[in-house]
Every structure is written in structure tokens, then in C-alpha cells.
1. Can you give me the orientation-averaged projected area of the convex hull built on the Cα atoms of the chain, in nm²?
2. Once each part is reduced to its C-alpha centroid, what is the distance from segment 1-34 to segment 101-144 in angstrom?
3. Subtracting the Cα-Cα distance from 0.36 nm times the residue separation, let me have the gained length for residue 3 to residue 128 in nm, one decimal.
4. Normalised by the residues of segment 24-88, what does the relative contact order come to in percent, with Cα pairs under 8 Å and at least six apart?
5. Taking only C-alpha pairs under 8 Å that are 6+ residues apart, what is the relative contact order of the chain in percent?
6. Sum -39500 (n - 2.57) across every DSSP H segment of at least 4 residues in the chain, then divide by the residue count to get the 222 nm mean residue ellipticity, nearest 500.
7. Could you pull out which residues in segment 1-23 have an amide N less than 19 Å from a spot 7 Å beyond the Cα of residue 140, following the Cα-Cβ vector?
8. For residue 62 and residue 116 in one chain, what is 0.36 nm times their gap in residues minus the Cα-Cα distance, to one decimal in nm?
Ligand code: RB5
């Protein structure tokens with residue numbers, strides 16, 4: 001896949017893994033923008049989720065990686081954005097299906113429940129897998145509440 005601009009977001013619980021993901025992305029030659037947080041000091045995940053969500057909706061970033069303790073809070077916040085399809089992934093196979101079937105544009109991971117090696121595999125798989133379209137496009141089109 002082309003080397004796209006990737007946005008990153010986490011809360012304090014996701015911060016350590018976010019820093020590891022940044023090193024991984026740098027080593028692989030990806031450009032990224034980090035929307036915070038910037039330490040393990042306690043903070044509120046919606047602030048960083050919405051900064052990332054806005055950046056993707058405005059075209060500043062093509063895809064995102066978001067991390068909180070369980071992944072749930074930051075994913076819930078992201079998925080309130082009409083232009084975001086955040087997918088909570090803890091195995092590479094789920095990250096692959098999130099791209100193939102859901103055309104997810106944010107990989108969300110549970111920082112407190114995933115090891116670094118598995119997270120890196122999720123990142124690689126997510127960024128290297130294409131959407132399959134077809135019947136999955138019809139289902140994605142039906143997600144927004146009318
Ligand atoms: C922070 O303690 C934790 O609640 C948060 O990272 C996340 O897991 C919430 O969904």
C-alpha cells in the first residue's frame with residue numbers, strides 16, 4: 001500500500017503502546033501525526049479521539065491508530081464521527097477482516113490487553129490489507145442512522 005499519513009491517538013492507558021507504534025511506523029517509513037496524549041498522566045480519551053476523528057474527516061490523515069486501556073472508550077468516541085469506522089482489534093486476523101469487510105479507517109487496540117509484537121502485527125496487517133468491496137460496500141452504506 002502507498003505510504004499514507006496516519007493519525008495517532010491514545011489516552012494515558014494507551015500511551016506506552018502508542019509510543020511503540022510510533023517507533024514501528026517510523027522504522028517502516030510511514031509519516032504520522034500524533035494527536036496525543038503525551039504522557040501517562042490521567043486524561044480523558046474523547047479529547048484525543050475527536051482530534052483524530054476530525055483530522056481524518058478533514059482529509060489531513062487517511063487512516064488512524066487509536067489506543068486506550070480496553071480500546072472501547074476511544075473506539076466509541078471515534079465512531080460518533082460520520083466519517084470514521086473504528087475497529088477494535090486484538091489479533092491480526094481481526095485487523096485483516098476489519099479492512100477486508102468493514103473498510104475500517106481506524107485501527108483501535110486495547111493497550112492493557114495486547115502485547116507489543118501482536119500490536120505490531122495488527123498494524124502491519126491493517127495498513128497492508130485492502131477493502132474487498134462488493135456485498136461489504138452495501139453493508140457499510142447501511143451503517144449510518146438515517
Ligand atoms: C482508563 O482507566 C480506561 O478507562 C480507558 O483507557 C479505557 O479503557 C476506557 O474505555
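Every read-out reported here was derived from the displayed coordinates using simple, explicitly stated rules and does not represent laboratory data. These numbers were taken from a predicted model, which means no experiment stands behind them. Cβ: placed from backbone, ideal geometry, glycine included. Neighbour counts: every protein chain shown.
1. That works out to 7.9 nm², a quarter of the Cα hull's surface.
2. Answer, in whole Å: 15.
3. Stretched fully, the residue 3-residue 128 segment lengthens by 44.0 nm.
4. 28 percent
5. Over the chain, the number comes to 24 percent.
6. -12500 deg cm²/dmol
7. Hits in segment 1-23 for residue 140 at 19 Å: 1-7.
8. Length difference between fully extended and current span is 17.1 nm.
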